[in-house]
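*Asks:* Got a structure for you, questions after.
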Amino acid sequence: FEYDGEMGADVALSREAMALYPFCRLTGPANVLVMPAAHSASISTKMLQQLGGVTVVGPLLTGLDKPVQIASMSATASDIVNLAAIAAYDINR
């Protein structure tokens, strides 16, 4: 299990950019990105989906009394199954 703190997307996703930061604790590109706000998460998510090669799960809502997930109008069957699985897991917590 590896983790690191705040960093730019270029450093998080590119080995070449990561090599310029010797203090970075990751040994490879990040597989989870946490965004500071809903608008930046939405922009970044849509860009990653368009570039391809990624699996996007979310947005995730946490801390509510009941499990709630929001699927976009363009959600695929796989997206909906992923969100349903997360909601089902949340029920049993």
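The values are calculated or read from the model by the stated rules, or taken from the named source; none is laboratory data. All values derive from a computational prediction rather than experimental measurement. Using ideal geometry, Cβ is built from the backbone for each residue, glycine included, and neighbour counts are taken over all protein chains shown.
*Asks:* How do the pairs read when you match residues in the stretch 66-87 that are in the same structural domain as Gln49 (by TED's automatic domain parsing) and more than 19 Å from Val54 (Cα to Cα) with residues anywhere that are small (Gly, Ala, Ser) and surrounded by 13 or more Cβ atoms within 10 Å (Cβ to Cβ), using Cβ under 6 Å and keeping only pairs 6 or more apart or on different chains?
*Replies:* Pro67/Ala87; Gln69/Ala87
*Asks:* What's the number of the only condition in (1) assigned to a helix (DSSP H, G or I); (2) under 13 Å from the mean Cα position of the chain (by Cα); (3) without any contact (Cβ under 8 Å) to a residue 12 or more places away in the chain that Asp10 fails to meet?
*Replies:* (2)
*Asks:* Going by the conditions given, is Arg93 modelled with pLDDT under 85 and of a type in the set (Lys, Arg)?
*Replies:* On the way: modelled with pLDDT under 85: yes; of a type in the set (Lys, Arg): yes.
Against the criterion (modelled with pLDDT under 85 and of a type in the set (Lys, Arg)), Arg93 qualifies.
Table: residues versus (1) within 24 Å of Ile86 (Cα to Cα); (2) out of contact with any Gly (no Cβ under 8 Å at 6 or more places or on another chain).
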| position | (1), (2) |
| --- | --- |
| Gly8 | no, yes |
| Arg15 | no, no |
| Leu33 | yes, yes |
| His39 | yes, yes |
